[in-house]
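Colleague: Have a look at this one.
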Number of protein chains: 2
Amino acid sequence: MSAPPLYGGIEAGGTKWVCAIADADGKVLATRVIPTTTPETTITAAVRFFRDHRTLAAVGVGSFGPVDLRTGSPTYGHITATPKPGWSGTDVVSPLRAALRVPVGLDTDVNAAALGEWRRGAGRGLGTVAYMTVGTGIGVGAVVNGRPLHGLLHPEFGHVRIPHDRTRDPFAGSCPFHGDCLEGLASGEAMRRRWGQRAEDLDDPAAWELEAEYVAHAVMNLTYALSPERIIVGGGVTRRAGLMGRTRARAFDLAAGYPEISALTDRAAMDEYVVSPSLGDHAGITGAVELAMRCFA
Amino acid sequence: MSAPPLYGGIEAGGTKWVCAIADADGKVLATRVIPTTTPETTITAAVRFFRDHRTLAAVGVGSFGPVDLRTGSPTYGHITATPKPGWSGTDVVSPLRAALRVPVGLDTDVNAAALGEWRRGAGRGLGTVAYMTVGTGIGVGAVVNGRPLHGLLHPEFGHVRIPHDRTRDPFAGSCPFHGDCLEGLASGEAMRRRWGQRAEDLDDPAAWELEAEYVAHAVMNLTYALSPERIIVGGGVTRRAGLMGRTRARAFDLAAGYPEISALTDRAAMDEYVVSPSLGDHAGITGAVELAMRCFA
């Protein structure tokens with residue numbers, strides 16, 4: 001009798017690649033963390049980890065980006081222009097497929113996290129769910145009717161423009177493309193540059209009040225754009241005590257009761273609408289494993 | 001032999017209801033325009049039109065909103081809080097179903113227009129398409145993987161916040177809920193209140209420059225939020241000569257080449273990305289008929 005199939009997942013980040021092997025129920029059996037160095041070294045190390053598992057059926061990758069997800073595109077599976085040195089134009093799919101001889105599923109890191117939370121976390125049972133991470137950068141992934149959201153490319157919600165009150169916040173913004181887009185105003189990198197210290201070291205209440213204002217704008221713009229049934233907000237910056245509460249309170253005010261739906265008219269329902277990831281740091285890798293399983297769906 | 005089935009569509013607007021009968025190929029055989037008065041009078045007039053057609057198989061409604069689209073909700077098919085006098089809480093689905101004894105499909109007016117353009121117009125053959133109307137108000141509908149986008153309720157993209165430079169534009173905004181949200185700054189109603197005359201009568205180049213700036217912000221926020229493969233922009237305000245061209249040029253600048261995808265890096269590709277409806281004023285009714293057909297999908 002042959003051994004049951006196993007599924008591989010890679011949370012391919014700009015700092016580290018988290019690799020995992022899971023069984024058909026999604027139970028993680030082994031993990032390895034690989035520092036992100038050059039593409040060749042990193043991918044080779046991942047291949048070495050998965051090679052130990054003979055019954056591997058498929059691998060799923062949730063990748064930092066932007067990444068070309070358009071099946072049929074000549075650069076499908078390539079990371080496109082990224083500030084990460086050495087990685088622009090890297091094909092992350094073909095080398096894995098060639099070395100491991102299994103199907104490779106791919107999506108963005110944030111779509112994978114959204115998928116993970118939708119499948120096994122705070123989005124379970126819902127149709128449309130958004131996952132926002134506020135860390136060094138800001139990204140949003142979404143699952144719509146059970147499928148990650150793609151299109152022209154994939155959502156790049158970190159780059160939406162939101163109101164920027166230059167009197168209250170004269171900082172010009174940190175985005176190399178757009179200056180004061182959402183990421184340029186509210187990411188960990190923006191906080192570091194505005195306040196001269198890392199977000200985790202920052203205790204000025206005004207700094208966190210401003211951060212809640214921007215994240216609340218992000219939550220409401222996401223609500224009005226996508227109408228998700230739940231918004232899951234993760235990432236290092238959001239671990240600051242009090243930030244999620246302040247964000248919900250401010251988002252509730254910004255909504256001004258419109259449209260008339262309980263999440264926007266009932267303060268307690270808002271607490272259930274904007275939530276932290278229930279998988280914690282495991283949303284991305286859980287979604288990556290799910291991407292592997294979907295190679296056979 | 002029985003006659004082939006016919007499908008009814010209603011573009012249920014705040015000013016008028018456009019009713020149509022189409023065959024299974026979507027060819028419109030008859031139409032009637034009913035002024036929107038009280039719910040009872042309007043719905044009764046629509047029923048009378050459809051009753052003439054004995055082989056009616058289903059009716060689809062693209063309705064003004066907000067409207068409750070959550071199947072299973074006790075207020076499914078009801079228009080929720082609307083500024084339209086007499087219409088808050090109106091059930092638009094049950095009376096049609098009871099009188100005509102056929103299934104009734106329902107979506108928002110803008111989701112119906114998006115569906116119409118996706119099925120038979122500028123969105124044909126694409127997976128994810130957004131339709132934005134800039135008229136008295138601003139609304140966005142979207143088709144994602146062939147299905148209209150729903151969730152918490154439905155997109156209310158007119159209410160996203162965009163940058164508002166109060167030095168250049170001291171107008172506080174016309175939205176009764178949010179003041180200077182997108183609709184509050186860029187709708188026909190906002191233009192009328194800011195400039196003291198109706199958009200169609202307005203010839204000040206500065207007014208149209210500002211309008212293009214706001215619509216371009218809408219286009220780019222929609223791009224970064226939803227990543228549609230095409231954005232179709234209709235509505236009375238956008239008929240002004242030159243506005244679409246200025247909007248595309250400004251959106252291209254705002255994108256600043258990010259992400260690296262032809263619509264955002266090649267000015268000619270942007271012209272194919274942001275387009276006028278190819279069904280003109282018929283997008284909504286075409287989508288409403290499609291909603292009727294989908295009752296059997």
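Colleague: Kindly list, by first and then second residue, each pair from a residue in the stretch A:85-111 that is more than 22 Å from A:Thr133 (Cβ to Cβ) to a residue that is basic (Lys, Arg) and surrounded by fewer than 23 Cβ atoms within 10 Å (Cβ to Cβ), limited to pairs with Cβ atoms under 9 Å and residues at least 6 apart or on different chains.
Modeller: Filtered contacts from the stretch A:85-111: A:Ala99/A:Arg51; A:Leu100/A:Arg51; A:Pro103/A:Arg97; A:Val104/A:Arg97.
Colleague: Would you check which residues across the stretch B:257-274 are touching a residue at least 24 places away in the same chain (Cβ under 8 Å), more than 10 Å from every other protein chain (Cβ to nearest Cβ) and over 14 Å from B:Ala218 (Cα atoms) and list them?
Modeller: Listed by number, the list holds a single entry, B:Glu272.
Colleague: Quick one: would you say B:Thr223 is under 19 Å from B:Leu182 (Cβ atoms), under 21 Å from the mean Cα position of the chain (by Cα) and surrounded by fewer than 24 Cβ atoms within 10 Å (Cβ to Cβ)?
Modeller: It is false that B:Thr223 is under 19 Å from B:Leu182 (Cβ atoms), under 21 Å from the mean Cα position of the chain (by Cα) and surrounded by fewer than 24 Cβ atoms within 10 Å (Cβ to Cβ).
Colleague: Just checking, does the stretch A:283-290 include any residue being within 11 Å of chain B (Cβ to nearest Cβ) and either more than 22 Å from the chain's Cα centre (by Cα) or in contact (Cβ under 8 Å) with a residue 12 or more places away in the chain (or both)?
Modeller: Looking through the stretch A:283-290, none of the residues is within 11 Å of chain B (Cβ to nearest Cβ) and either more than 22 Å from the chain's Cα centre (by Cα) or in contact (Cβ under 8 Å) with a residue 12 or more places away in the chain (or both).
Colleague: Another question, if that's okay. Can you tell me which residue within the stretch A:28-64, out of those that are part of a loop (DSSP other than H, G, I, E, B) and in contact with a Gly (Cβ under 8 Å, 6 or more places away or on another chain), is nearest to A:Gly13 (Cα to Cα)?
Modeller: Looking at residues that are part of a loop (DSSP other than H, G, I, E, B) and in contact with a Gly (Cβ under 8 Å, 6 or more places away or on another chain), I get A:Phe64.
Colleague: Pairs needed: first member in the stretch A:29-52, on the phi > 0 side of the Ramachandran plot and free of Cβ contacts under 8 Å to residues at least 12 places away in the same chain; second member anywhere, part of a strand (DSSP E or B) and hydrophobic (A, V, I, L, M, F, W, C); C-beta distance under 6 Å; at least 6 residues apart or different chains.
Modeller: So the pair list comes out empty.
Colleague: Take B:Pro277 and tell me if it is within 13 Å of chain A (Cβ to nearest Cβ), buried (at least 21 other Cβ atoms within 10 Å of the Cβ), of a type outside the set (A, V, I, L, M, F, W, C) and in a loop (DSSP other than H, G, I, E, B).
Modeller: Against the criterion (within 13 Å of chain A (Cβ to nearest Cβ), buried (at least 21 other Cβ atoms within 10 Å of the Cβ), of a type outside the set (A, V, I, L, M, F, W, C) and in a loop (DSSP other than H, G, I, E, B)), B:Pro277 does not qualify.
Colleague: Still on this structure, please answer the following. Looking at (1) at pLDDT 95 or above; (2) over 19 Å from A:Asn145 (Cβ atoms); (3) buried (at least 18 other Cβ atoms within 10 Å of the Cβ), find the lone condition where B:Pro66 falls short.
Modeller: (1)
Colleague: Looking at B:Ala57, is it among the small types (Gly, Ala, Ser) and either surrounded by fewer than 17 Cβ atoms within 10 Å (Cβ to Cβ) or within 11 Å of B:Ile285 (Cα to Cα) (or both)?
Modeller: In short, no.
Colleague: Given the conditions (1) free of Cβ contacts under 8 Å to residues at least 60 places away in the same chain; (2) closer than 20 Å to A:Gly287 by Cα; (3) more than 12 Å from the chain's Cα centre (by Cα); (4) within 14 Å of chain B (Cβ to nearest Cβ), report the number of the one that A:Phe64 does not fulfil.
Modeller: Answer for A:Phe64: the failing condition is (3).
Colleague: Those residues that are in contact with a strand residue (DSSP E or B) (Cβ under 7 Å, 6 or more places away or on another chain) and closer than 18 Å to B:Pro66 by Cα, I need them from the stretch B:156-177; list them, please.
Modeller: Passing the criteria: B:Phe157, B:Gly158, B:His159, B:Val160, B:Cys175.
Colleague: Out of all the residues in the stretch A:124-163, which are outside any loop (DSSP other than H, G, I, E, B), under 22 Å from B:Glu260 (Cβ atoms) and within 8 Å of another protein chain (Cβ to nearest Cβ)?
Modeller: A:Val140, A:Phe157, A:Gly158, A:His159, A:Arg161
Colleague: Specify the residue that is farthest from B:Met132 (Cα to Cα); the eligible residues are those in the stretch B:222-256 that are of a type in the set (Val, Ile, Thr) and more than 14 Å from chain A (Cβ to nearest Cβ).
Modeller: Filtering first and then ranking leaves B:Thr247.
The values are calculated or read from the model by the stated rules, or taken from the named source; none is laboratory data. The shown structure was predicted, so the numbers you read here are calculated from the model rather than taken from an experiment. When we count neighbours, we look across all protein chains shown, and the Cβ atoms used for this are built from the backbone with ideal geometry, even at glycine.
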